[in-house]
1. Distance in nm between label sites at residue A:336 and residue A:56, each 7 Å beyond Cα in the beta-carbon direction?
2. Which whole number gives the average, over all residues in B:148-156, of C-beta atoms from other chains lying within 10 Å of the residue C-beta?
3. Among the lysines in the range B:3-267, how many pairs, 8 or more places apart or on different chains, have alpha carbons under 28 Å apart?
4. What net charge is computed for the residues neighbouring residue A:65, neighbours being all others with C-beta under 11 Å from the C-beta of residue A:65, Lys and Arg scored +1, Asp and Glu -1?
5. In 20 Å bins starting at 0, how do the alpha-carbon pair distances of the protein assembly as shown split up by percent?
6. At q = 0.10, 0.11 Å⁻¹, what is the log10 ratio I(q)/I(0) for the range B:3-267, with the Debye formula run over Cα points and no solvent?
7. Please tell me the relative contact order of the range A:77-142 in percent, rounded to the nearest whole number, where contacts are Cα pairs under 8 Å and at least six residues apart.
8. Are there GluC sites (Glu not before Pro) in the range A:101-168 that DSSP puts in a loop and that have at most 13 other Cβ atoms within 10 Å, and which ones?
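The values are calculated or read from the model by the stated rules, or taken from the named source; none is laboratory data. Keep in mind the model is a prediction, meaning the values are calculated, not measured. Neighbour counts run over all protein chains shown; Cβ positions are idealised from the backbone, glycine included. SASA here: full protein model, heavy atoms, side chains in, ligands and nucleic acids out. Shrake-Rupley method; radii C 1.70, N 1.55, O 1.52, S 1.80 Å.
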Amino acid sequence: MSTSVNVVLTKHDLPDERGHFGPYGGIFASETLMSPLEELRLAYERFRADPQFLAEMDADLAKFVGRPSPLYFAERWSKQLGGAQIYLKREDLNHTGAHKINNTIGQALLARHMGKKRVIAETGAGQHGVATATVAARFGMECVVYMGSEDIKRQAINVYRMKLLGAEVVPVESGSKTLKDALNEAMRDWVTNVDNTFYIIGTVAGPHPYPMMVRDFQAIIGREARAQILEEAGRLPDALVACVGGGSNAIGLFHPFLNDTGVAMYGVEAAGEGLDTAHHAATLCKGRPGVLHGNRTYLIEDADGQIIETHSISAGLDYPGVGPEHAWLKDNGRASYVAVTDDEALAAFHALTRIEGIIPALESSHALAYAAKLASAMDKDKIIIANLSGRGDKDIHTVAAREGIKV
Amino acid sequence: MSRIKGCFESLRRDRHKVLIPYITAGDPQPAVTVPLMHAMVAAGANIIELGVPFSDPMADGPVIQAACERALEHHVSLRQVLAMVREFRARDDHTPVVLMGYLNPVEAMGYGEFARVAREAGVDGVLTVDMPPEEAEALAGELRAQQLDTVFLVAPTSSTGRIAKICAAASGFVYYVSLKGVTGAGGLDIGAVAAKVKEIRAMTDLPIGVGFGIKDAASAAQVAAVADAVVVGSALVRKFAEFSAQPEKIQKEVTALLAEIRGALDAAK
């Protein structure tokens, strides 16, 4: 199966040259970063068309990551739900246990090609940090990961994992001490060390070309899934479901299906304790457009334009922004954005674990919870693909603590 | 003539350098700001750069980030900052005020509304750190319609082509960021600053201010030798952190440092 990042699209061939998806995206960065971003854009344009580099990436995705990931028919679960047939795209089976490495492999190869010997990254739950530290070890690069001090407390195992891989983990004490502050701090590092440093952003946000580049690297999820379902079921699915924090696994699944107008798309945000409470991270459902972290997109902010702290049981969805392409897909109606609560996600976490023998990440459990809801309301001859974006081993302490169990 | 243009022209005539202190509005509490602005003018400030607090100040170092956090504890909003400028203008009709901040609070208020209220309040220029000229057209248009200047940054990484683009979009003055890094960083290289300022000067008649990394009277005087204006931010804001529990002492501390810098600029002229 070809994994070329150079997908030909007609109707959805965005962003434009300056990184706009309709009114969203763009480059809202301080002047010091404008030239480095242009250098990155030009390097990426060369890279995405260079067969030698694409072959290198394909080889790493096959031999190091373990692609293609299977498309698994969740037969028992579908039967119990009594509606549509649910297939799971098994990104949890990738090396390091999530979809994040699809992107870090691509960006690290690009960094090497650009002669940058130091990579930096931000991380929330630690998955992107681990995926970055992993490829940095693989390519022999210096690696610094910024992580909010609150997240460091919550994700001790991933912090240790990054250190084992040779990365330096820098605690961020400013602001809410979570993912958004880690992103601010990584940007500050980049602006200071721009000559020798490549900033590996973990999601489809940030200034152009990041939202486009990360999407292209993650679109392998959708390209594989599309070919796999055609082979397995002989037709395209009726719906796609994926969780959305920044939105990289969702855009990766959705993008190769954008021109398949019969395929509905659902991005599932974290409703936390409920959309009517102040404790959620449902940016597209409840936010409004603004500018943060280099791009225009939907944000969770107060009336004065200050960014508000978000809440989700899953650290990977706990972000007050969202990728600009999702903002555009929401406004133009091509995709629908919904939200499920902490409790609903937990119920799906347990259901998949007990019924299919797969422990899903809490992030992915949001997609599963909505897929279950959707399936129950659909006929048995319908097909849903849900993105199982990561495995849940990292979350068992959170789940146990929530249920009053000491592990 | 705009206040900013008038300020640069009259000081240039007298062969004085323009001194621009930066403070974050509302730091450490809202009542401090306006009296301090007056005191800074008395101590030798020519233009005041008033920071609009933002929750995620990505281009700023830890000193100004902490200043934003102190101001935001009091929920200081963009509208309140504009009200502070209005209050300042009641007693000072000649010192230019430039707002410095991030785009999102302006987005939340609305470009047209912001420009109108800023003009009414007596603001003279606006510097939006995360808005490069490529994304500036809509806001710059609204500001122009209200005769407000749009100030842009030039960085050590800016190519010749970019400098030309920035100078074409800028009004008031051009702000050269003297180092690769965030506000308050170290490692100022005067030789490199002089070379870049010369390059900028070849492309514009606008005055050139230099900021980021100027920490005392000595470095201010060095920078003033090659620039039209010197911006001092983090060095002043450090005093706010040091005396945040005794805000009555801030004015004395800040104006003392400012007077020292003023003295160094005037001695070097």
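1. Distance between the two pseudo-spin positions: 4.4 nm.
2. On the way: counts 0, 0, 0, 0, 1, 4, 2, 9, 4.
Whole-number average of other-chain Cβ neighbours for B:148-156 is 2.
3. 27
4. +1
5. 19, 49, 26, 6, 0
6. Values returned for q = 0.10, 0.11 Å⁻¹ are -0.43, -0.53.
7. Relative contact order for the range A:77-142 comes out at 27 percent.
8. Numbers: sites: A:122, A:142, A:150, A:168; in loops: none.
Sites meeting the loop and neighbour criteria: none at all.
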